[in-house]
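Report on the following structure.
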Amino acid sequence: MRELKITPIKNGTVIDHIGNGLALEVLRIIGINDLDKDSTVSVALHVRSQKLGWKDIVKVENMELSPRKVNAIALLAPTATISIIRDFKVREKRVVDLPERIVGIVRCPNPSCITNQKEPVESEFDVARRRPVVLRCSYCERLVDDFLLHLA
Ligand SMILES: Nc1ncnc2c1ncn2[C@@H]1O[C@H](COP(=O)(O)OP(=O)(O)OP(=O)(O)O)[C@@H](O)[C@H]1O
Ligand SMILES: [Mg+2]
Ligand SMILES: [Zn+2]
């Protein structure tokens, strides 16, 4: 059945198959302040999904995501698909993919880590484990599994 819960958009980005309850985190990553003031953002929470049981969806007009934001979304919503809409049609669709390195998205929880000092050192983690995701700080080797609490 066609999905009719949200008005179609002419140009923009659809982030579908977001794990149930994670849409608000996705919005935080997108950064509402970065959006064009005349654009609509639609959020559907707790939508029935064949694949996931329940899912969230975010649709943003007139915006395409930077690679950094895509990586951040991959980190917290690994099941998400990102579709680029142009002239009402899906022009491009991809599943998000967790990158090898996570740069500048997560803060290291170790207060004495160099990335938390006055030095202008950007945070950097490699993926120590994929499912569930565990990150390892490239500087102090601190392991982080509750990275949602440490989003930069
Ligand atoms: N013009 C549009 N405006 C808003 N959302 C759209 C538009 N066109 C497609 N979408 C949404 O973009 C996503 C991808 O579209 P597509 O037609 O590929 O969906 P689909 O057939 O449900 O595929 P799947 O769920 O397997 O990714 C869906 O969430 C769909 O609802
Ligand atoms: Mg679908
Ligand atoms: Zn560290």
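With the structure loaded, tell me whether residue 28 is away from ligand 2 (no atom under 16 Å from the Cβ), open to solvent by 100 Å² or more (accessible area, probe 1.4 Å) and touching an Asp or Glu at 6+ places or on another chain (Cβ under 7 Å) or whether it fails that test. No: the conditions fail for residue 28. Scanning the stretch 139-152 for residues that are more than 15 Å from residue 71 (Cβ to Cβ), within 13 Å of ligand 3 (Cβ to nearest atom) and either free of Cβ contacts under 8 Å to residues at least 24 places away in the same chain or assigned to a loop (DSSP other than H, G, I, E, B) (or both) yields 139, 140, 141, 142, 143.
Kindly indicate whether any position in the stretch 87-96 is open to solvent by less than 40 Å² (accessible area, probe 1.4 Å) and over 21 Å from residue 24 (Cβ atoms). Outline the logic, then answer.
Applying the first criterion (open to solvent by less than 40 Å² (accessible area, probe 1.4 Å)) to the stretch 87-96 yields 96.
Restricting the remaining residues to those that are over 21 Å from residue 24 (Cβ atoms) gives none.
No - not one qualifying residue is present in the stretch 87-96.
Looking across the stretch 33-60, the residues that are in contact with an Asp or Glu (Cβ under 8 Å, 6 or more places away or on another chain) and not in a strand (DSSP E or B) come down to 36, 39, 40.
Which count do you get for residues in the stretch 124-134 that are crowded, with 17+ Cβ neighbours inside 10 Å and either more than 19 Å from the chain's Cα centre (by Cα) or at pLDDT 95 or above (or both)? Break it down stepwise before answering.
From the stretch 124-134, those crowded, with 17+ Cβ neighbours inside 10 Å are 124-125, 133; that's our starting set.
Still in the running and either more than 19 Å from the chain's Cα centre (by Cα) or at pLDDT 95 or above (or both): 124-125.
Total satisfying the criteria: 2.
In summary, residue 79 fulfils each of the numbered conditions (1) modelled with pLDDT under 95; (2) among the hydroxyl-bearing types (Ser, Thr, Tyr); (3) assigned to a strand (DSSP E or B); (4) closer than 30 Å to residue 123 by Cα with the single exception of condition (3).
Surrounded by 12 or more Cβ atoms within 10 Å (Cβ to Cβ), of a type outside the set (Asp, Glu) and touching a Leu at 6+ places or on another chain (Cβ under 8 Å): which single residue out of 40, 79 fits that description? Before the answer, list the steps.
On the way: 40 fails: touching a Leu at 6+ places or on another chain (Cβ under 8 Å).
Sole residue among the options that is surrounded by 12 or more Cβ atoms within 10 Å (Cβ to Cβ), of a type outside the set (Asp, Glu) and touching a Leu at 6+ places or on another chain (Cβ under 8 Å): 79.
With respect to the stated conditions, residue 68 fails to be basic (Lys, Arg), without any contact (Cβ under 8 Å) to a residue 24 or more places away in the chain and within 22 Å of residue 105 (Cβ to Cβ). The set of residues in the stretch 82-96 being within 15 Å of ligand 2 (Cβ to nearest atom), more than 20 Å from residue 132 (Cα to Cα) and either modelled with pLDDT under 90 or not basic (Lys, Arg) (or both) consists of 82, 83, 85, 90.
Is one or more of the residues making up the stretch 57-77 under 20 Å from the mean Cα position of the chain (by Cα) and at positive phi? It would help to see each step written out before you state the result.
The first filter runs over the stretch 57-77 and keeps only residues under 20 Å from the mean Cα position of the chain (by Cα), leaving 57-77.
With at positive phi added as a condition, the list becomes 62.
The answer is yes, given that some residue of the stretch 57-77 is under 20 Å from the mean Cα position of the chain (by Cα) and at positive phi.
For residue 108, the conditions (1) within 16 Å of ligand 3 (Cβ to nearest atom); (2) open to solvent by 20 Å² or more (accessible area, probe 1.4 Å); (3) more than 14 Å from the chain's Cα centre (by Cα) are fulfilled apart from (2).
The values are calculated or read from the model by the stated rules, or taken from the named source; none is laboratory data. Values in this document were obtained by computation on a predicted structure and should not be read as measured data. As a convention, Cβ positions derive from the backbone with ideal geometry for all residues, glycine included, and neighbour counts pool all protein chains shown. Please note that ligands, DNA and RNA were not included when accessible areas were found on the heavy atoms of the full protein model with its side chains. Shrake-Rupley method; radii C 1.70, N 1.55, O 1.52, S 1.80 Å.
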